[in-house]
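Step one of this worksheet: look at the structure below.
The values are calculated or read from the model by the stated rules, or taken from the named source; none is laboratory data. Given the structure is predicted, the values throughout are model-derived calculations rather than measurements. Here the Cβ is made from the backbone with ideal geometry for all residues, glycine too, and neighbour counts use every protein chain on show.
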Amino acid sequence: MVASVAATDIEKQIVDLYRERFPISKQHHDKILQFIPGGATRSLSYFKPYPIHIDYGQGAYVFTPEGHKLFDVTNAYGALVHGHGDPAIVGAVQAGIAKGSQYSAPTLGQYELAKLLCDRVPGLEKLRFLNSGTEATLFALRTARAYTGKDKIIKMSGGFHGTHDCVAASTQKGVVTAGIPAGMTADIIEVPFNDFDAIENAVSENASHLAAVIMEPFLGAGGIVLPAEGYLEHVRAVTAAQGVLLIFDEIFSLRVNTGGCQKLFGVTPDLTTVGKLVGGGLPIGVLGGKTEIMNIFCHESTSEPLYHSGTFNGYETVMQAGIAAVKKYDEDAVSHVNQLGESLQRGIMESASNNGLNIQCNQIGSLLNIHFVNEPVTSVDQVAKSVTQLHDLLHLSLLNKGIFSIPRGLLILTTVMTGEEIDFLIAKIDETFTELMPLVRDQYAHLLL
């Protein structure tokens, strides 16, 4: 299809305005390219024509070297739940690091954060600290294999569990991420999320060699695809019936409730990984679960405990930040930020309807994902149908209007935000939808009401 002049002009105008508004970021990008391939040391931070640079953040906003104040709905992809520079977290870090950052020994800070988490999250009876979500899921799989003596793992297509080899590779689509040996998928089985029969059959057929099922309670990076009614209960039942461990990866989803999705939906796994908000904006990973499983690490319970080391495990400064962040994320805070999410969801869908758009916005708590798809999004295959060009232009157009969002349409809220700020965000999204409508009418008529 040949784009009309009007549709072509829309894209050019948005990109040209972006270049005009963020020229110093372009200078910084060119400079950093000299030493960092791609100009960003995290793949998700790059986007065309070049990524913005951030000088600092405060509360619900980030500030660019050009002097622009941007309302931040990226929030470190979920690692921030109280915004930037939260006074309680900053104070805890300052006081803690003045006494030293790491001691190569257990601390009461580790005890306090561990107790906070175990008191809140049903599946956490005992836990161990790591330094990232990737490390947490890596050791979750190793723990499951060591405990069961079995090798195979089931994961969900579209589920994200970090970047270590066996979870970063895809088996379902026949694609292995570059640099990962094909053999890393030999013991990985993928099934579609929300497919009741697929998970039951896969567990049953592989039970004798199956250590665990690892899954997000909803697909996070996969588009905020929520579980169908009864699906999590079904997975729990079929794994329990076959003696297979169930691992909930709640690194992203923990924020929806003080006890995560497992508390919200009333389904308790055998092992749980958490992270992101738990570190108060600093790097952390947590692996925990049932006492009898976690005692595989215990020097006092076994003569050959599973080995788990790491220079920065239980890093004391992170413990202090995490204690402050978790204490502050109480029932009232969760209720407040989740209500903001519901308001934003309503506003986005009203704006879409008023603009004549038939699109979707999936939401749970303070997490939302816009999809340029004309039917309810309940599977990763539907997420894949979302129009990439519209996502890219939505992202750039919102930046031009003072909103820092995630290119794939993911919006993440924090407790410092107000209803008035959510109204401002809705207004800017509405302006962007209006701006994109000539392009939609010209090239994507299937998205029209």
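Quick check on this structure: which one of 360, 339 is surrounded by fewer than 20 Cβ atoms within 10 Å (Cβ to Cβ) and free of Cβ contacts under 8 Å to residues at least 24 places away in the same chain? Walk me through how you get there before you give the answer.
Values: 360 fails: surrounded by fewer than 20 Cβ atoms within 10 Å (Cβ to Cβ).
Only one candidate passes the filter, namely 339.
Taking the condition within 16 Å of the chain's Cα centre (by Cα) and in contact (Cβ under 8 Å) with a residue 60 or more places away in the chain, does residue 219 pass?
Yes.
Could you say which residue among 302, 258 is β-branched (Val, Ile, Thr), part of a loop (DSSP other than H, G, I, E, B) and under 20 Å from residue 111 (Cβ atoms)?
258
Limited to region 68-109, what total is found for residues that are surrounded by fewer than 14 Cβ atoms within 10 Å (Cβ to Cβ), touching a helix residue (DSSP H, G or I) at 6+ places or on another chain (Cβ under 9 Å) and either more than 25 Å from residue 310 (Cβ to Cβ) or of a type in the set (D, E, K, R) (or both)?
2
Go through the residues of region 346-353 one by one and say whether even a single one is under 30 Å from residue 92 (Cα atoms) and either touching a Lys or Arg at 6+ places or on another chain (Cβ under 8 Å) or hydroxyl-bearing (Ser, Thr, Tyr) (or both). Give the steps one after another, and end with the answer.
So in region 346-353, the residues under 30 Å from residue 92 (Cα atoms) come out as none.
Among the residues of region 346-353, not one is under 30 Å from residue 92 (Cα atoms) and either touching a Lys or Arg at 6+ places or on another chain (Cβ under 8 Å) or hydroxyl-bearing (Ser, Thr, Tyr) (or both), which makes the answer no.
If only one of 323, 348 is at pLDDT 95 or above, β-branched (Val, Ile, Thr) and closer than 19 Å to residue 429 by Cα, which one is it? Show your work before the answer.
Values: 323 fails: closer than 19 Å to residue 429 by Cα.
The unique qualifying residue is 348.
Residue check, residue 155 against (1) closer than 20 Å to residue 329 by Cα; (2) surrounded by 17 or more Cβ atoms within 10 Å (Cβ to Cβ), all met but one. Which one?
(1)
What do you reckon, is residue 292 out of contact with any strand residue (DSSP E or B) (no Cβ under 7 Å at 6 or more places or on another chain) and modelled with pLDDT of 95 or more? Give the derivation first.
On the way: out of contact with any strand residue (DSSP E or B) (no Cβ under 7 Å at 6 or more places or on another chain): yes; modelled with pLDDT of 95 or more: yes.
Against the criterion (out of contact with any strand residue (DSSP E or B) (no Cβ under 7 Å at 6 or more places or on another chain) and modelled with pLDDT of 95 or more), residue 292 qualifies.
Under 6 Å between Cβ atoms, which residue pairs at least 6 apart in sequence (or on different chains) link something in region 274-297 that is outside any loop (DSSP other than H, G, I, E, B) with a partner that is at pLDDT below 95?
295/301; 296/306; 297/305; 297/306; 297/308
List every residue pair whose Cβ atoms sit under 7 Å apart, with the two residues 6 or more apart in sequence or on different chains, where the first one lies in region 89-109 and is on the phi < 0 side of the Ramachandran plot and touching a residue at least 12 places away in the same chain (Cβ under 8 Å) and the second, anywhere, is surrounded by 14 or more Cβ atoms within 10 Å (Cβ to Cβ) and charged (D, E, K, R).
Taking only residues 6 or more apart or on different chains, the pairs are 96/316; 101/316; 102/316; 103/316; 107/316; 109/316.
Determine whether region 133-152 contains at least one residue that is modelled with pLDDT under 95, outside any strand (DSSP E or B) and either of a type outside the set (A, V, I, L, M, F, W, C) or surrounded by 17 or more Cβ atoms within 10 Å (Cβ to Cβ) (or both). Can you show your working first?
Within region 133-152, the subset modelled with pLDDT under 95 is none.
Checking region 133-152: not a single residue is modelled with pLDDT under 95, outside any strand (DSSP E or B) and either of a type outside the set (A, V, I, L, M, F, W, C) or surrounded by 17 or more Cβ atoms within 10 Å (Cβ to Cβ) (or both).
How many of the residues making up region 261-312 are charged (D, E, K, R), within 12 Å of residue 143 (Cα to Cα) and surrounded by fewer than 16 Cβ atoms within 10 Å (Cβ to Cβ)?
We begin by selecting, within region 261-312, every residue charged (D, E, K, R); these are 263, 270, 276, 290, 292, 300, 304.
Subsequent filtering for residues that are within 12 Å of residue 143 (Cα to Cα) retains 270, 290, 292.
So of that shortlist, the ones also surrounded by fewer than 16 Cβ atoms within 10 Å (Cβ to Cβ) come out as 292.
Qualifying residue count for the region: 1.
Report, by residue number, each residue of region 411-449 that is over 23 Å from residue 12 (Cβ atoms), surrounded by 21 or more Cβ atoms within 10 Å (Cβ to Cβ) and more than 25 Å from the chain's Cα centre (by Cα).
Listed by number, the list is empty, since nothing qualifies.
Filter region 341-362 down to the residues that are within 11 Å of residue 422 (Cβ to Cβ) and within 16 Å of the chain's Cα centre (by Cα) and list them by number. Explain how you work it out, then say what you get.
In the first step, residues of region 341-362 are kept if they are within 11 Å of residue 422 (Cβ to Cβ); the result is 341-348.
Residue satisfying the conditions is 341 alone.
Among the residues of region 205-242, how many are of a type in the set (D, E, K, R) and either assigned to a strand (DSSP E or B) or buried (at least 24 other Cβ atoms within 10 Å of the Cβ) (or both)? Don't jump to the end; show me each part of the working.
From region 205-242, those of a type in the set (D, E, K, R) are 205, 216, 229, 233, 236; that's our starting set.
Still in the list and also either assigned to a strand (DSSP E or B) or buried (at least 24 other Cβ atoms within 10 Å of the Cβ) (or both): 216.
Total meeting the criteria: 1.
Considering only region 353-393, state which residues are closer than 17 Å to residue 73 by Cβ and of a type in the set (Gly, Ala, Ser).
Across region 353-393, the qualifying residues are 365, 366.
Provide a single number: the residues in region 259-283 that are farther than 25 Å from residue 211 by Cα and of a type in the set (A, V, I, L, M).
Count: 4.
Mind checking which residues of region 11-50 are hydrophobic (A, V, I, L, M, F, W, C), part of a helix (DSSP H, G or I) and at pLDDT 95 or above? Explain how you work it out, then say what you get.
In the first step, residues of region 11-50 are kept if they are hydrophobic (A, V, I, L, M, F, W, C); the result is 14-15, 17, 22, 24, 32-33, 35-36, 40, 44, 47.
Imposing the further condition that a residue be part of a helix (DSSP H, G or I) reduces the set to 14-15, 17, 24, 32, 44.
The answer is 14, 15, 17, 24, 32.
Restricting attention to region 363-381, report how many residues are surrounded by fewer than 22 Cβ atoms within 10 Å (Cβ to Cβ) and more than 19 Å from the chain's Cα centre (by Cα).
4
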